[in-house]
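Encoded as C-alpha cells, the structure appears first; notes follow it.
The values are calculated or read from the model by the stated rules, or taken from the named source; none is laboratory data. Everything numeric here is computed off the predicted structure, so don't read it as measured data. Note that we place each Cβ from the backbone using ideal geometry, even for glycine, and neighbour counts take in every protein chain shown.
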Amino acid sequence: MTHERTYTKQEQQPASEEISEVAPDILRVQLPVHLPGLGHVNCYVLEDERGVAVVDPGLPGPESYSTLVERLGQMGVAIGNVHTAIVTHSHPDHFGGVYQLRDETGCDVITHHEFRTIFDAREAGEGQDSASLELATDDELEELRERWRRPTPWGGRTEAPPLEAVKRFIAAGRKGAKPFQVPEPSITVADEQVIELGRREWVAVHTPGHTTDHLCLYDPVSGVLLSGDHVLPTITPHISGLIDDDDPLDTFFQSLRRMHELEGLALALPAHGDPFTNVGRRADEIIEHHHERLDVIRAAADDMGSGRVADYMMRLFKERSWGGMAESETYAHLEHLRILGEVDTTVDADGQTTYHF
C-alpha cells in the first residue's frame, strides 16, 4: 500500500500545476525546487500591455525552465512576451532561471542595487564556466569544491556543495543555465524607488536580513506586497552570520518591523507557500521566534558557562539540521547577544572563538 506524503509546512509542498489569479493581473505559478525544506518557488506573472513580467523565475536547469514555459503557454503567453524578470534576492532558486530567459527573450532583469550571487567568481574560480567544468575529472571537481571551503569568522569552515550537486549544476549549464556566473541586472532599484510593472506602480522596499540585497515590491494602492523570502507563511528564512553585516539578526528585525510601516498592507505574495494576510502579525511572529531562540542560547549558557558556535548549535537545532547553515545561524544569534553586551569572546591560537556568558 502506498501512502501520500503529508507536508507540515506550506513551503514544503511540491510544485502544483495550478495557475491562480492571486490579485488582479497577477498570476501565481509554481516551479519545482528540490532543496531541504522547500518543494517549490512561486513565480508571479504580472500582465500588462507590453506582455508579462515574471518575479523569481526559479532554479537554473531544464526542469524549472520547461515548467515556466509550459505554465506561460497555458495562459496563452509565449515565452517571447516576457519583457522583465524581477529577482527578489541572490539565491539560485530565485535568480537561476534568469539566464535562459534573458538569452531567449532579451528581457530586462530588475534587482536591488546591492544584488550579488552566492556563487562568487572567487569561489568558483576566475573565468570558470560550465563547458570547462564538464570536462573536469572528479579530482578536479574536488579541487573546485575546496575553493568553496573558506574559514568562518568563528573558526570553522564553510561547507562545499556535495560532488553530485556540483555535477548537477554542470549538467544544468549544458541546458542553458549558467550556475557559476553572476547574473548582471540591467535595472537596479534603491529603497522607496517607484517602478511601473503590470499596470501598477510598485515601491521598492529593501529588506536585508535573509540576504543583504533582499527586495520586496509594494503596491500601496491595492495593498499587495511581493515579499520574496522576507516574510513566509509557515517557516522562517535562514539568517546567515556570513553576510556582510555586523548584526544580521538585528538588521532582519528592523526589516520585519517595516511591515507595520506599509500603510494599507493587505496581502503578501511570498516566494514559497500560499499568499496570506495579517502580514504585520506574521512579521511579529517571526521576530518572537528568534527571541525564543535567543532564550534557548541563554539557557544553554546557564548550563555550559561558555562554548563555541558548534556547542550552541547543538542546543539550538535538532541533530538532523546540524551543519554549516545551522552553525551560521547560531553565529548570527550569538553575535547579536555579543553586541547587546550579554556575552564576551576569546579566540585561541587556532582561530576558534569561544563565547563566555
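Residues of the stretch 10-18 include at least one that is surrounded by 21 or more Cβ atoms within 10 Å (Cβ to Cβ), part of a helix (DSSP H, G or I), acidic (Asp, Glu) and under 23 Å from the mean Cα position of the chain (by Cα).
Among the residues making up the stretch 41-56, those that are out of contact with any Cys (no Cβ under 9 Å at 6 or more places or on another chain) and within 17 Å of Ala268 (Cα to Cα) are Val41, Asn42, Cys43, Tyr44, Val45, Leu46.
Number of residues in the stretch 220-236 that are crowded, with 22+ Cβ neighbours inside 10 Å and of a type outside the set (A, V, I, L, M): the value is 4.
No other residue among Val54, Val22, Val45, Val41 is in a strand (DSSP E or B), aliphatic (A, V, I, L, M) and in contact with a His (Cβ under 7 Å, 6 or more places away or on another chain) apart from Val41. Each residue in the stretch 64-81 was checked for being outside any helix (DSSP H, G or I) and without any contact (Cβ under 8 Å) to a residue 12 or more places away in the chain, and 2 of them qualify. If the condition is being in contact with a helix residue (DSSP H, G or I) (Cβ under 7 Å, 6 or more places away or on another chain) and in contact (Cβ under 8 Å) with a residue 60 or more places away in the chain, then the stretch 20-38 contributes Leu31, Val33, Gly37, Leu38.
Meeting the requirement of 2 or more residues that are not assigned by TED's automatic domain parsing to the domain that holds Thr234, the strands (runs of 3 or more DSSP E) wholly within the stretch 251-351 are 306-308, 344-347.
Considering (1) farther than 24 Å from Ala268 by Cβ; (2) at pLDDT 90 or above; (3) basic (Lys, Arg); (4) out of contact with any Pro (no Cβ under 9 Å at 6 or more places or on another chain), the lone condition that Arg71 does not fulfil carries the number (1).
Under the condition of being of a type in the set (Gly, Ala, Ser) and over 10 Å from Pro57 (Cα atoms), which residue from the stretch 71-106 is surrounded by the fewest Cβ atoms within 10 Å (Cβ to Cβ)? Ranking the candidates gives Gly76 first. Taking helices (runs of 4 or more DSSP H) as the structural unit, those lying wholly within the stretch 96-205 and holding at least 1 residues that are at pLDDT 95 or above correspond to 98-105. Scanning the stretch 1-33 for residues that are among the charged types (D, E, K, R) and either at pLDDT 90 or above or assigned by TED's automatic domain parsing to the domain that holds Trp202 (or both) turns up Lys9, Glu11, Glu17, Glu18, Glu21, Asp25, Arg28. From the list Leu68, Leu72, Leu46, Leu101, the one residue that fits, being farther than 16 Å from Arg28 by Cα and of a type in the set (A, V, I, L, M), is Leu101. Could you tell me which of the residues Asp303, Asp295, Asp284, Asp311 is surrounded by fewer than 20 Cβ atoms within 10 Å (Cβ to Cβ) and either under 30 Å from Val29 (Cα atoms) or of a type in the set (A, V, I, L, M, F, W, C) (or both)? Residue meeting the stated conditions: Asp284.
Candidates Glu319, Glu261, Glu335: the one that is loosely packed, with under 13 Cβ neighbours inside 10 Å and at pLDDT 95 or above is Glu261. So, in the stretch 301-323, how many residues would count as being more than 20 Å from Val347 (Cβ to Cβ) and not polar (S, T, N, Q)? Going through the stretch 301-323 one residue at a time, the tally reaches 11.
Of everything in the stretch 26-70 that is surrounded by 23 or more Cβ atoms within 10 Å (Cβ to Cβ) and in contact with an Asp or Glu (Cβ under 6 Å, 6 or more places away or on another chain), the residue that is farthest from Val82 (Cα to Cα) is Val33.
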